[in-house]
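Comments concern the structure below.
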Amino acid sequence: MQISGPDRYDLKITPTSFVVKCAQGKSRFSGAANSNKPKLYVVSAEGRPIYVGITKQSMSTRLRLGRTADGTTGYHGYSWRHHHSAAVLDVWCHEDATDRNCLDIETVEAEVVFLIRSAGQWPEFQTEIHFHRSEPIHREIAARIISRYRAT
């Protein structure tokens, strides 16, 4: 399982908008964040993960959906957009996923959330998680990812 990243973006947030700033200071997503490969992303505030997610969509599409959802389809969007004015978005890409399969990256997502919970509490705005049987590689990647943050 080959994972690239993270690509880091600063987010300025209002309940109805996200302004993105990449490491080069540009207001756009680039590289893996624009791909249709499976991606894991962590939203953090003050060094603590507040949300962990996965997507096959580009990050701009995913954030737009999380911003514009109004509950009419049962999805209310990202609740963290109502509680933070700034956050950091880190994106990892599953480079060698076959047929855009998300099972491996979804397993890593669950392991990341488990490690956060094991250190104290669930990510503040985590609303769901799908658990799958994990292998050592999933747990190893999750440990590398979570090592970048204050988990509690």
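Selection of the range 117-145 for residues being at pLDDT 95 or above and β-branched (Val, Ile, Thr) yields 137, 141, 145. Looking only at the range 53-75, decide whether some residue is aromatic (Phe, Trp, Tyr), modelled with pLDDT of 95 or more and out of contact with any His (no Cβ under 9 Å at 6 or more places or on another chain). The answer is no; no qualifying residue exists. From the set of residues in the range 110-152 that are in a helix (DSSP H, G or I) and of a type in the set (Gly, Ala, Ser), which is farthest from residue 46 (Cα to Cα)? Across the range 110-152, the extreme among qualifying residues is 110.
Take the range 66-95 and flag every residue that is in a helix (DSSP H, G or I) and surrounded by 14 or more Cβ atoms within 10 Å (Cβ to Cβ). Steps first, answer last, please.
Our first condition is that a residue be in a helix (DSSP H, G or I); within the range 66-95, this holds for 66-68, 79-82.
Of everything in the range 66-95, those that are in a helix (DSSP H, G or I) and surrounded by 14 or more Cβ atoms within 10 Å (Cβ to Cβ) turn out to be 66, 67, 79, 80, 81.
For the range 18-50, give me each residue that is of a type in the set (A, V, I, L, M) and closer than 21 Å to residue 106 by Cβ.
To start, the set of residues in the range 18-50 that are of a type in the set (A, V, I, L, M) comprises 19-20, 23, 32-33, 40, 42-43, 45, 50.
Within the range 18-50, 32, 33, 40, 42, 43, 50 meet the criteria.
Just to verify a result, which residue in the range 121-152, among those that are more than 16 Å from residue 89 (Cα to Cα) and polar (S, T, N, Q), is surrounded by the fewest Cβ atoms within 10 Å (Cβ to Cβ)? Applying the filter and picking the extreme gives 152.
The values are calculated or read from the model by the stated rules, or taken from the named source; none is laboratory data. Keep in mind that what you see is a predicted model, and the values were worked out from it rather than measured. Here the Cβ is made from the backbone with ideal geometry for all residues, glycine too, and neighbour counts use every protein chain on show.
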